Amino acid sequence: MTSSSRKRVRAVTRLVPVLLAGALAFAVPGTAGAEPINGPDVASWQHPGGSGIDWFAVRASGHEFAMVKATEGLWYVNPFFVQDGIGMRAAGMNRGAYHYADVRQSPEAQAAFFASTSFPVIGGDGLPPVLDIEDAKGLPPAAVIDWTRRYLNSVQALTGKQPIIYTYPNFWRTAMANTTEFSNYPLWIADYNGRSEPGPLPGGWRHWTFWQYTSSGRIPGVNGNVDLNVYGGGLGDFGSSANPFGS
């Protein structure tokens, strides 16, 4: 390869991250050329040494929504949940909360635990409750599917809102046997593929509502790496004054 050829290859290589960033910034399915609606999701990991999140800086950097971990199983409450919920509301962000499933424990009890804990964030104008299901704990698909069905029915009855399902494609295709039973629920898909949209969706879903495209994002106001997401539609217009989930 000649010296000039090598220079051209290096120049193209340097452009790849720029092109990818542009794709993520502007290519949202169904909104050709429109600005995307971005937001992080956080847990206690985003509070190293007990440090706080500057939600006003997060909002000022262009992030319009955020999800915060509320509970896990029947024993854990995120110690920063209330603090982050208040900060998100004060900064004028659309707010959501999620429960990390432990499929070895009662789904009805976990639904009640989450609903009571998360009400300050998801109640009223908050985003729908989220079920984070990504660990089968060694149980067979039929048992995990039954657990999921019972949890979703319970949390919807308790909150009055249809839940969102957060999962990974490979988990759903294996631990959930790629069931299509839940395809009528909004999907929050985690797929770190480096492209401008998620890969083929599992479980009979035709559309995604949120896409978590990286776990190593960096944004103003958050110390260290953070998950970043983009909104794909289905829950109303976050930018509208009539937005039912606005602050």
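Below is a table of values for the structure above.
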{"item": "Among (1) closer than 24 Å to Gly73 by Cβ; (2) surrounded by 15 or more Cβ atoms within 10 Å (Cβ to Cβ) - the single one Thr214 does not satisfy", "result": "(1)"}
{"item": "Qualifying positions in the stretch 115-128 - farther than 22 Å from Gln212 by Cα and either part of a helix (DSSP H, G or I) or at pLDDT 95 or above (or both)", "result": "Ala115, Ser116, Thr117, Phe119, Pro120"}
{"item": "Residues located in the stretch 179-194, provided they are more than 22 Å from Phe114 (Cα to Cα) and either in contact with a strand residue (DSSP E or B) (Cβ under 9 Å, 6 or more places away or on another chain) or open to solvent by less than 60 Å² (accessible area, probe 1.4 Å) (or both)", "result": "Thr179, Ser183, Asp191, Tyr192, Asn193, Gly194"}
{"item": "Residue that is surrounded by the fewest Cβ atoms within 10 Å (Cβ to Cβ) [pool: residues in the stretch 112-128 that are touching a strand residue (DSSP E or B) at 6+ places or on another chain (Cβ under 6 Å) and touching a residue at least 60 places away in the same chain (Cβ under 8 Å)]", "result": "Pro128"}
{"item": "Residues of the stretch 48-79 satisfying the condition of being part of a strand (DSSP E or B) and of a type in the set (Val, Ile, Thr)", "result": "Val68, Thr71, Val77"}
{"item": "Condition broken by His63, with the remaining ones in (1) closer than 17 Å to Ile164 by Cα; (2) within 16 Å of the chain's Cα centre (by Cα) satisfied", "result": "(1)"}
{"item": "Pick from the stretch 129-166, criterion open to solvent by less than 10 Å² (accessible area, probe 1.4 Å), in a loop (DSSP other than H, G, I, E, B) and not aliphatic (A, V, I, L, M), ranking: nearest to Ala90 (Cα to Cα)", "result": "Pro129"}
{"item": "Single residue of the stretch 57-111 satisfying the filter (out of contact with any strand residue (DSSP E or B) (no Cβ under 6 Å at 6 or more places or on another chain) and among the polar types (S, T, N, Q)) that is surrounded by the most Cβ atoms within 10 Å (Cβ to Cβ)", "result": "Gln110"}
{"item": "Test: residue in the stretch 43-52 that is within 18 Å of Phe210 (Cα to Cα) and touching a strand residue (DSSP E or B) at 6+ places or on another chain (Cβ under 6 Å)", "result": "yes"}
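Here's the yes/no breakdown for (1) outside any strand (DSSP E or B); (2) at pLDDT below 95:
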site: Phe182; (1), (2): yes, no
site: Trp188; (1), (2): no, no
site: Trp211; (1), (2): no, no
site: Val230; (1), (2): no, no
site: Asp237; (1), (2): yes, yes
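The values are calculated or read from the model by the stated rules, or taken from the named source; none is laboratory data. All figures in this text were calculated on a predicted structure; none of them were measured in a lab. Using ideal geometry, Cβ is built from the backbone for each residue, glycine included, and neighbour counts are taken over all protein chains shown. Calculation scope for accessible area: heavy atoms of the full protein, side chains included, ligands and nucleic acids excluded. Shrake-Rupley method; radii C 1.70, N 1.55, O 1.52, S 1.80 Å.
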